[in-house]
Amino acid sequence: MLIGELSEDSGLSRDTIRWYEKIGLINGENMTRDSNNYRIYDDEVLEKLILIRRSKSFGFSLKEIKGMLMLVESENLNCTSTIPMIDAKLDVLEEKITGLQNVRRKLIDLKENCSGDCQKQIINRSSID
């Protein structure tokens, strides 16, 4: 399939697909060229792009995804190999949630105690950490 079809079927832009190709997330092994020198991608590239898009939606970085793709290519991607990655991602999310809850509490406290000179209140009551 041409890059336009690949873009439509994967939900990723052409530029994103080209970027993923440039950084090695997808490779030329699953691509040929036609007589016009257009790239023709096979279905395996589409499957990888869908995996990449879905993994990004779960919060995985491109570096982490590249590791997953290496496991896919070696046929070692399974629950045993992915659970540690999922656990690590859950730990990061828990830290972010805790941090956001702390910021939320500080903002609520500031709002509830804000009267008069707000600048003075913000400087005196807020802590930077």
With everything on Cα atoms, drop me the angle between helix 79-112 and the longest principal axis of the chain, reported from 0 to 90° to the nearest 10.
30 degrees
Dipole check, the chain, charges on Cβ (K,R +1; D,E -1), about Cα centroid: among Thr80, Trp19, Leu51 the Cα furthest to the positive pole belongs to Trp19
Sort out for me the Cα centre separation of region 11-25 from region 33-107, rounded to whole Å.
14 Å
How much length is gained if the chain between Asn113 and Ile50 is pulled fully straight, taking 0.36 nm per residue apart and subtracting their Cα-Cα distance, in nm to one decimal?
17.8 nm
Which FRET efficiency value, to the nearest 0.05, is calculated for Val103 and Phe58 with the Förster distance at 30 angstrom and r the Cβ-Cβ distance?
0.80
Short version: what are the Cα gyration tensor semi-axes of the chain, square root of 5 times each eigenvalue, largest first, in whole Å?
46, 20, 10
With a 24 Å threshold on alpha-carbon distance, the violating pairs from Lys48/Lys96; Lys56/Lys111; Lys22/Lys48; Lys56/Lys106 are Lys48/Lys96; Lys56/Lys111; Lys56/Lys106
Give me, ordered by chain and number, the residues 5 or more places off Met31 or on other chains with an amide H under 5 Å from its own placed amide H.
none
Subtracting the Cα-Cα distance of Asp91 and Met1 from 0.36 nm times their residue separation yields 28.5 nm
Quick one: helix 62-73 against the long Cα principal axis of the chain, what's the angle to the nearest 10°, folded into 0 to 90?
40 degrees
Would you please put 44-54, 6-16, 70-80 in order of how densely packed they are, using the mean number of other Cβ atoms within 10 angstrom per residue and starting with the highest?
44-54, 6-16, 70-80
Contour minus Cα-Cα span, Thr32 to Asp15, at 0.36 nm per residue, comes to 4.3 nm
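A short reminder: the numbers here are calculations on the coordinates, not readings from a lab. In this text, all values refer to a predicted model and were calculated from it rather than measured experimentally. Neighbour counts are summed over all protein chains in view; Cβ atoms, including those assigned to glycine, are modelled from backbone coordinates with ideal geometry.
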